[in-house]
Amino acid sequence: MSATLLIVHHTPSPHCHEMFEAVLAGATAPDIEGVEVLRRPALTVSPAEMLAADGYLLGTPANLGYISGALKHAFDCAYYQLLDATKGRPFGVYLHGNEGTEGAERALAGITGGLGWQRAADTVVVSGKPTKADLEACWNLGATVAATLMD
Ligand SMILES: Cc1cc2nc3c(=O)[nH]c(=O)nc-3n(C[C@H](O)[C@H](O)[C@H](O)COP(=O)(O)O)c2cc1C
């Protein structure tokens, strides 16, 4: 039986989309076996889909000193369903921001810490147009979190 890795993302711009594509490419690399990767825009993901996943990749721009309202909405709808049922599950985060992502990083640390999730890789933070190195870091993030779900 395969494990499920769920990418919950808010992707409102080409720069964010480049990061999403690189994370997805890493998570679905040929060496990753036995992991089904699902991607859901944060405004459409259901609490049932979040409950059913075995691990998570969370992607968002920094907006107004916080995570996007879209990703917050996903957790607003699912937090108490996830609490206790998902403790210990691995996750990774990628953020895009042009003015400072500290508030978004703090917010996700609080949310995932409250849920008891385990950070499986360092957060990737990008400002402006992603460089080749930034996209490699995104690829590695996707591959690393996916690899934690392999048997
Ligand atoms: C309403 C709004 C608020 C924003 N607030 C922040 C912020 O607090 N910190 C930050 O780093 N970037 C902020 N940004 C920039 C976004 O993070 C950025 O537009 C997004 O990551 C996409 O990047 P791009 O426009 O370079 O493609 C904000 C953008 C908007 C539209």
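No value in this document is a laboratory result; all are computed from the given coordinates. On a predicted model such as this, the values are computed, not experimentally measured, just so you know. A quick note on method: Cβ atoms are made from the backbone with ideal geometry, for glycine too, and the neighbour counts reach across all protein chains shown.
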| message | Using a Debye calculation, one point per C-alpha and no hydration shell, please list log10 I(q)/I(0) for region 52-110 at q = 0.14, 0.24 Å⁻¹ in order. | response | -0.39, -1.03
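Restrict the search to region 35-122; then list the GluC sites (Glu not before Pro) that DSSP places in a loop and that have at most 15 other Cβ atoms within 10 Å of their Cβ.
Glu99
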| Fully extended, how many nm does the chain gain between Asn98 and Ser127 (0.36 nm per residue separation, minus their Cα-Cα distance)? | 9.9 nm
| query | Can you give me the relative contact order of region 3-148 as a percent, contacts being Cα pairs under 8 Å and 6 or more apart? | reply | 34 percent
| query | Expressed in nm to one decimal, what extension gain is obtained for the pair Ala48 and Glu33 from 0.36 nm per residue of sequence separation less their Cα-Cα distance? | reply | 3.0 nm
| What residue among Gly69, Ala42, Ala137 has its Cα farthest toward the positive end of the dipole of the chain, where the charges are +1 on Lys, Arg and -1 on Asp, Glu, each on the Cβ? | Gly69
| request: Using only C-alpha positions, report the orientation-averaged shadow area of the convex hull of the chain, nm², one decimal. | output: 7.9 nm²
| query | Label points 7 Å out from Cα along the Cβ direction at Met150 and Lys87: separation in nm? | reply | 3.0 nm
| Once you list every other residue whose beta carbon is under 10 Å from the beta carbon of Thr4, what net charge do they have if Lys and Arg are +1 and Asp and Glu are -1? | -3
| What net charge do the residues around Leu82 carry, taking every other residue with its C-beta under 15 Å from that of Leu82, with Lys and Arg at +1 and Asp and Glu at -1? | 0
| said: Normalised radius of gyration for region 9-67, please: alpha carbon Rg relative to 2.2 N^0.38 Å, two decimal places. | reply: 1.22
| Surrounding net charge for Glu21, when Lys and Arg each add one and Asp and Glu each subtract one, Cβ distance under 13 Å | -2
| task | Report the relative contact order of region 1-82, percent, no decimals, based on alpha-carbon pairs under 8 angstrom and at least 6 residues apart. | result | 44 percent
| remark: Proxy exposure order for Val35, Val93, Val23 (fewest C-beta within 10 Å first) is Val35, Val93, Val23
| query | Rounded to the nearest 0.05, what FRET efficiency do Ser2 and Asp76 have when you use their Cβ-Cβ distance and R0 = 30 Å? | reply | 0.55
